[in-house]
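**Q** After the structure tokens below, expect a handful of questions from me.
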Amino acid sequence: MSTREPRNPGLAAVLSVFIPGVGQIYNGDFLRGIFWLIVTPGMWLGTGGFFGWVCHVIAAYTAHRRAKDKNLGLA
């Protein structure tokens with residue numbers, strides 16, 4: 001059994017909406033957070049904003065999902 005404090009999935013998602021990757025870092029997934037911190041701005045700039053919003057949504061969803069999974073002991 002883990003003694004780790006549970007994470008709030010909603011907070012993780014909101015953090016990643018504002019700054020992609022911060023929700024993953026909040027969850028303890030540092031490398032995933034760094035990935036989204038690099039990829040999302042790259043997609044905003046590289047595609048003129050066309051795919052940047054997609055990365056934002058994916059980052060928020062994965063932060064939410066990972067927080068739920070970690071709370072259940074699945075991750």
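The values are calculated or read from the model by the stated rules, or taken from the named source; none is laboratory data. Just so it is clear, the structure is predicted and the values come from calculations on it, not from any experiment. Positions of Cβ are generated from backbone atoms using ideal geometry, with glycine treated the same way; all protein chains shown enter the neighbour counts.
**Q** Which of the residues that make up region 1-58 are of a type in the set (Asp, Glu) and either free of Cβ contacts under 8 Å to residues at least 12 places away in the same chain or farther than 17 Å from LYS70 by Cβ (or both)?
**A** Within region 1-58, just GLU5 meets the criteria.
**Q** With the checklist (1) surrounded by 13 or more Cβ atoms within 10 Å (Cβ to Cβ); (2) under 16 Å from ILE19 (Cβ atoms); (3) without any contact (Cβ under 8 Å) to a residue 24 or more places away in the chain; (4) within 14 Å of the chain's Cα centre (by Cα) in hand, flag the one item THR62 doesn't pass.
**A** Evaluating THR62 over (1) surrounded by 13 or more Cβ atoms within 10 Å (Cβ to Cβ); (2) under 16 Å from ILE19 (Cβ atoms); (3) without any contact (Cβ under 8 Å) to a residue 24 or more places away in the chain; (4) within 14 Å of the chain's Cα centre (by Cα) leaves (3) as the failure.
**Q** Across region 66-75, what is the number of residues that are touching a residue at least 12 places away in the same chain (Cβ under 8 Å) and not in a helix (DSSP H, G or I)?
**A** Looking only at region 66-75, we keep the residues that are touching a residue at least 12 places away in the same chain (Cβ under 8 Å), and these are 66-68, 70-71, 73.
With not in a helix (DSSP H, G or I) added as a condition, the list becomes 73.
Qualifying residue count, region 66-75: 1.
**Q** Shifting gears a bit: Could you check region 18-65 and list, in sequence order, the residues that are assigned to a helix (DSSP H, G or I), in contact with a helix residue (DSSP H, G or I) (Cβ under 7 Å, 6 or more places away or on another chain) and of a type in the set (D, E, K, R)?
**A** Residue satisfying the conditions is ARG32 alone.
**Q** Since CYS55 meets every condition but one in (1) crowded, with 16+ Cβ neighbours inside 10 Å; (2) at pLDDT 95 or above, which condition does it not meet?
**A** (2)
**Q** Now a separate question. Quickly run through region 1-17 and pick out the residues that are assigned to a helix (DSSP H, G or I) and not β-branched (Val, Ile, Thr).
**A** Initial filter on region 1-17 (assigned to a helix (DSSP H, G or I)): 9-17.
Listed by number, the residues that qualify are PRO9, GLY10, LEU11, ALA12, ALA13, LEU15, SER16.
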